[in-house]
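Worksheet: one structure, shown below.
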Amino acid sequence: MRRRVHYVCQSCGAVAGRWAGRCEACGAWNSLVEEAQGSATGSGRRSERVIFTDLSSTEADLPRLVTGLDEFDRVLGGGLVPGSAVLIGGDPGIGKSTLALQALARLACQGAAAVYVSGEESVRQVQLRARRLGLADAPVRLATATLVESVLDSLAADPPAALVVDSIQTAHSETLEAAAGSVGQIRAAAERLIRFAKGKGTALLLIGHVTKDGQIAGPKLLEHMVDTVLYFEGERGHPFRILRAVKNRFGPANELGVFAMGERGLEPVANPSALFLGERSGETPGCAVFAGIEGTRPVLVEVQALVAPSPLTTPRRAVVGWDGARLSMLLAVLEARCGLVLAGRDVYLNVAGGLRVQEPAADLAVAAAIVSALTGRALPRDAVVFGEVGLAGEVRAVGQVELRLREARKLGFRRAWMPPHGAEGGGLEVVTVRRLAALVRLLAGSPAEAAGSAGR
Ligand code: TYD
Ligand code: MG
């Protein structure tokens, strides 16, 4: 009898019955790889009677596992949920293993059964890290293993409250012959682990690598399989690390946790704004403080721009911490609606501190930084800026204004450059900016430059 095979796209995880040069689901070329039809997709499953119930629950929810690592708990929505699966993705060396070990050790010290399975490092290496972190005495059970079935069989009799698998790319299942790290293996291993977690009430923490373009390596559907997806980000050589929930079935998405990586591991940072603004110098042209909201929390960050004559025919636009396409749009609006000349000039943009800003509300702050860099006129040091910019050059209202203003005031700011808003300034002097051209006038370096923008 011929063994049945199917083809799995290594890029998106789509399954096809026959080989093709191009994946029909995601359009990637040469990404289909043959895989044996294993139990991972449930072929040959017998039908079972489904038991229905009603919407009300008689069982009390198991309490969340609160690690006490505040920023971690908050990003999760108040701790780990028993029976849930959390995926933490991030660049190599960013601190995923450190974070997982610290969280697990804290749970273990509170009496929760905690297991750490590493397929990346030897037992010795993990022990050395634990010693360095001062966690060597925490009652965490540690093993190196990569075969999921062996791990789960060993744990079945006495399932732990929390289980870390570091990493999902090194885990593999015996049901498939494909190599560890392939899409099929990642999916099969994750499926086994998640089924175990749900069945036993174990909180599962999977660590995942990211590819060069910042996605968690493996099938996209890995992110669908888990309950919570966290990304751990930061700039190399910078101590700050940002943990962001991009998906969370048990809490707010986009919640943000901030840590500082130090000698003794990751320290939660309770007041990120103070930290992001800590390195500010005096009034410097090209800098604007953005009053942003990350998840449920206001965060103030400095946006820095540098504009310089370009020797290139296509000037360079380099962005760190913001969206490159959004920058192009903003530059086009500045040229078309405000008469600024940016052709022939390189534009560099940086969000200080390693934060990646995603809110459209950052538009006005970015524009302010660019215009200020161009005119050489600094913004007032005590001003925060926020507002969305439209293609017509209008400045649009954004949400949660009170929260932004309160945070700014708390950190000693006195002024806010912002879109029209009904409410009071909350103790700050409000400079209402209705159009981008008005912002340009506020920052005009000399009458000649201001003339370019007047009257629009
Ligand atoms: P690690 O958790 O191994 O990263 P990942 O699992 O994401 O690959 O973290 C490795 C980096 O963290 C390494 O460059 C050293 C640094 N580090 C510290 O600075 N302080 C510490 O206490 C520890 C444990 C690691
Ligand atoms: Mg690691």
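One line per residue, one yes/no per condition, for (1) under 17 Å from LEU99 (Cβ atoms); (2) loosely packed, with under 14 Cβ neighbours inside 10 Å; (3) within 16 Å of ligand 2 (Cβ to nearest atom):
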residue	(1), (2), (3)
TYR116	yes, no, yes
LEU133	yes, no, yes
ASP137	no, yes, no
THR146	no, no, yes
VAL151	no, no, no
ALA156	no, yes, no
PRO159	no, no, no
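Sort through LEU176, LEU206, LEU193 and tell me the only one that's within 14 Å of ligand 1 (Cβ to nearest atom) and either modelled with pLDDT under 90 or under 30 Å from LEU32 (Cα atoms) (or both). Let's see the steps before the verdict.
Working: LEU176 fails: within 14 Å of ligand 1 (Cβ to nearest atom); LEU193 fails: within 14 Å of ligand 1 (Cβ to nearest atom).
Just a single option satisfies the conditions, and that option is LEU206.
Out of everything in the range 252-287 that is touching a helix residue (DSSP H, G or I) at 6+ places or on another chain (Cβ under 6 Å) and assigned to a loop (DSSP other than H, G, I, E, B), what residue ends up being farthest from ligand 2 (Cβ to nearest atom)?
Ranking the qualifying residues of the range 252-287, first place goes to PRO285.
Given the structure, is ARG280 over 14 Å from the mean Cα position of the chain (by Cα), open to solvent by 50 Å² or more (accessible area, probe 1.4 Å) and assigned by TED's automatic domain parsing to the domain that holds ALA130? Write out each step before concluding.
Numbers: over 14 Å from the mean Cα position of the chain (by Cα): yes; open to solvent by 50 Å² or more (accessible area, probe 1.4 Å): yes; assigned by TED's automatic domain parsing to the domain that holds ALA130: no.
No: the conditions fail for ARG280.
Considering only the range 288-383, give the strands (runs of 3 or more DSSP E) lying wholly within it that have at least 3 residues that are closer than 30 Å to LEU403 by Cα. Steps first, please.
Working: elements: 297-309, 317-320, 345-351.
By residue number, 297-309, 345-351.
Looking only at the range 193-245, count how many residues are open to solvent by 20 Å² or more (accessible area, probe 1.4 Å), in a strand (DSSP E or B) and hydroxyl-bearing (Ser, Thr, Tyr).
1
Suppose the filter is more than 25 Å from the chain's Cα centre (by Cα) and buried (at least 16 other Cβ atoms within 10 Å of the Cβ); does ALA361 pass it?
Details: more than 25 Å from the chain's Cα centre (by Cα): no; buried (at least 16 other Cβ atoms within 10 Å of the Cβ): yes.
Answer is no for this residue.
Among the residues that make up the range 14-35, is at least one of them part of a helix (DSSP H, G or I), open to solvent by less than 80 Å² (accessible area, probe 1.4 Å) and touching a Ser or Thr at 6+ places or on another chain (Cβ under 9 Å)? Step through it out loud before you land on a result.
Initially, the range 14-35 is screened for residues part of a helix (DSSP H, G or I), giving none.
No: zero hits.
Please determine whether any residue of the range 92-101 is under 26 Å from GLU174 (Cβ atoms) and either more than 16 Å from ligand 1 (Cβ to nearest atom) or surrounded by fewer than 24 Cβ atoms within 10 Å (Cβ to Cβ) (or both).
Taking every residue of the range 92-101 in turn, at least one turns out to be under 26 Å from GLU174 (Cβ atoms) and either more than 16 Å from ligand 1 (Cβ to nearest atom) or surrounded by fewer than 24 Cβ atoms within 10 Å (Cβ to Cβ) (or both).
Can you tell me how many residues in the range 46-69 are within 20 Å of ASN271 (Cβ to Cβ) and either over 23 Å from the mean Cα position of the chain (by Cα) or open to solvent by 100 Å² or more (accessible area, probe 1.4 Å) (or both)?
0
The values are calculated or read from the model by the stated rules, or taken from the named source; none is laboratory data. All of these numbers come straight from a predicted model, not from anything done at the bench. In this analysis, Cβ positions are derived from the backbone assuming ideal geometry, glycine residues included, and neighbour counts consider all displayed protein chains. Areas reflect the complete protein model, heavy atoms only, side chains present, ligands, DNA and RNA absent. Shrake-Rupley method; radii C 1.70, N 1.55, O 1.52, S 1.80 Å.
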